Amino acid sequence: MTPDLELTSIPAWAVEPRCPAADLTGRQWTVLAIGADATGIAEQWRAQINAEHPDAEPRVHHVADATAACAALDADLTDAKVGWRLLVAGPAHVCLRVRAHAMELGANDDEIVVASTEVDTREIYCAHCRTTMTATVGLTDEISCPGCRRQLYVYYHVSRRLGAHLGFATTGT
């Protein structure tokens, strides 16, 4: 039985690619375009922000991975003001990690907009040995943990702290 995804901790954008409009309620914006597929989304968001706020200068960062995205986020947060918004576009598994980092730094979900460009790749956290692996795997599929070699069931749970899906053993060991 598959649960209603609205009742799980998985954001809708991590299951199906989405491109929401920019949050125009802010006063200051950080736009992170992760990977080549996110460039168009970032430019679309910049245009939306500039159309509504002609004097705004959103900080747009085109980066290759989560590490670079988190570094850009850290740099922008050093002088963030009330009304700061984060807009992240890229593969869902990378966006989950960046969102987790932003929340660790004090951001709230209502300050973050995410556009996913790809949703088939997931980061899975092993509940047994704490290894995190990246793989193309569906929800409710199984994957072998490289750390403890258990067969893990990919569950309908995303850790907001880790930005990874939960995997747990399908058989006792």
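Taking the conditions exactly as written (of a type outside the set (Val, Ile, Thr), modelled with pLDDT under 95, closer than 26 Å to VAL15 by Cβ and assigned by TED's automatic domain parsing to the domain that holds GLN28), does ASP79 satisfy them or not?
Values: of a type outside the set (Val, Ile, Thr): yes; modelled with pLDDT under 95: yes; closer than 26 Å to VAL15 by Cβ: no; assigned by TED's automatic domain parsing to the domain that holds GLN28: yes.
It is false that ASP79 is of a type outside the set (Val, Ile, Thr), modelled with pLDDT under 95, closer than 26 Å to VAL15 by Cβ and assigned by TED's automatic domain parsing to the domain that holds GLN28.
Just give me the residues in the stretch 122-172 being touching an Asp or Glu at 6+ places or on another chain (Cβ under 6 Å), within 26 Å of ASN108 (Cα to Cα) and of a type outside the set (A, V, I, L, M), in sequence order.
Passing the criteria: THR132, THR134.
Suppose we filter ARG161, ARG150, ARG130 for residues that are exposed (fewer than 14 other Cβ atoms within 10 Å of the Cβ), farther than 30 Å from THR39 by Cα and more than 11 Å from the chain's Cα centre (by Cα); which single one remains? Lay out the reasoning, then the answer.
Numbers: ARG161 fails: farther than 30 Å from THR39 by Cα; ARG150 fails: exposed (fewer than 14 other Cβ atoms within 10 Å of the Cβ).
One residue alone meets the criteria, ARG130.
Let's see how each residue does on (1) touching a residue at least 24 places away in the same chain (Cβ under 8 Å); (2) not in a strand (DSSP E or B):
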position: ALA21; (1), (2): yes, yes
position: LEU24; (1), (2): yes, yes
position: VAL31; (1), (2): yes, no
position: ALA47; (1), (2): no, yes
position: ALA72; (1), (2): yes, yes
position: ALA80; (1), (2): yes, yes
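Tell me, yes or no, whether the stretch 142-151 has at least one residue that is charged (D, E, K, R) and outside any loop (DSSP other than H, G, I, E, B). Quick ask: steps written out before the conclusion?
Applying the first criterion (charged (D, E, K, R)) to the stretch 142-151 yields 142, 149-150.
Now drop any that are not outside any loop (DSSP other than H, G, I, E, B), which leaves 142.
Checked against the condition, which is being charged (D, E, K, R) and outside any loop (DSSP other than H, G, I, E, B), the stretch 142-151 yields at least one hit.
Given the criteria at positive phi, out of contact with any Phe, Trp or Tyr (no Cβ under 7 Å at 6 or more places or on another chain) and touching a residue at least 40 places away in the same chain (Cβ under 8 Å), does GLY106 qualify? Before the answer, list the steps.
On the way: at positive phi: yes; out of contact with any Phe, Trp or Tyr (no Cβ under 7 Å at 6 or more places or on another chain): yes; touching a residue at least 40 places away in the same chain (Cβ under 8 Å): no.
The answer is no for GLY106.
Within the stretch 34-60, count every residue that is of a type in the set (A, V, I, L, M, F, W, C) and in contact with a Phe, Trp or Tyr (Cβ under 9 Å, 6 or more places away or on another chain). Steps first, please.
We begin by selecting, within the stretch 34-60, every residue of a type in the set (A, V, I, L, M, F, W, C); these are 34, 36, 38, 41-42, 45, 47, 49, 51, 56, 60.
Okay, now just the ones that are also in contact with a Phe, Trp or Tyr (Cβ under 9 Å, 6 or more places away or on another chain), so 45, 49, 56, 60.
Of the residues in the stretch 34-60, 4 are of a type in the set (A, V, I, L, M, F, W, C) and in contact with a Phe, Trp or Tyr (Cβ under 9 Å, 6 or more places away or on another chain).
Which one is farthest from THR117 (Cα to Cα) among residues in the stretch 31-74 that are over 13 Å from the mean Cα position of the chain (by Cα) and of a type in the set (S, T, N, Q)?
That would be ASN50.
Got a number for residues in the stretch 22-32 being farther than 17 Å from PRO91 by Cα and either crowded, with 16+ Cβ neighbours inside 10 Å or of a type in the set (A, V, I, L, M) (or both)?
7
Give the residue, chosen from ALA115, ALA135, ALA102, that is crowded, with 23+ Cβ neighbours inside 10 Å, at pLDDT 95 or above and in a strand (DSSP E or B). Show your work before the answer.
Values: ALA135 fails: crowded, with 23+ Cβ neighbours inside 10 Å; ALA102 fails: in a strand (DSSP E or B).
None of the others qualify; the one that does is ALA115.
Yes or no: the stretch 3-21 includes at least one residue that is of a type in the set (Ser, Thr, Tyr), touching a His at 6+ places or on another chain (Cβ under 7 Å) and under 16 Å from GLY163 (Cβ atoms).
To start, the set of residues in the stretch 3-21 that are of a type in the set (Ser, Thr, Tyr) comprises 8-9.
So of that shortlist, the ones also touching a His at 6+ places or on another chain (Cβ under 7 Å) come out as 8-9.
So of that shortlist, the ones also under 16 Å from GLY163 (Cβ atoms) come out as 8-9.
Yes: the stretch 3-21 contains one or more residues that are of a type in the set (Ser, Thr, Tyr), touching a His at 6+ places or on another chain (Cβ under 7 Å) and under 16 Å from GLY163 (Cβ atoms).
The values are calculated or read from the model by the stated rules, or taken from the named source; none is laboratory data. Note that the structure is a prediction, hence the values are computed from the model and not measured. Heads up, the Cβs are rebuilt from the backbone with ideal geometry, glycines too, and the neighbour counts pull from every protein chain shown.
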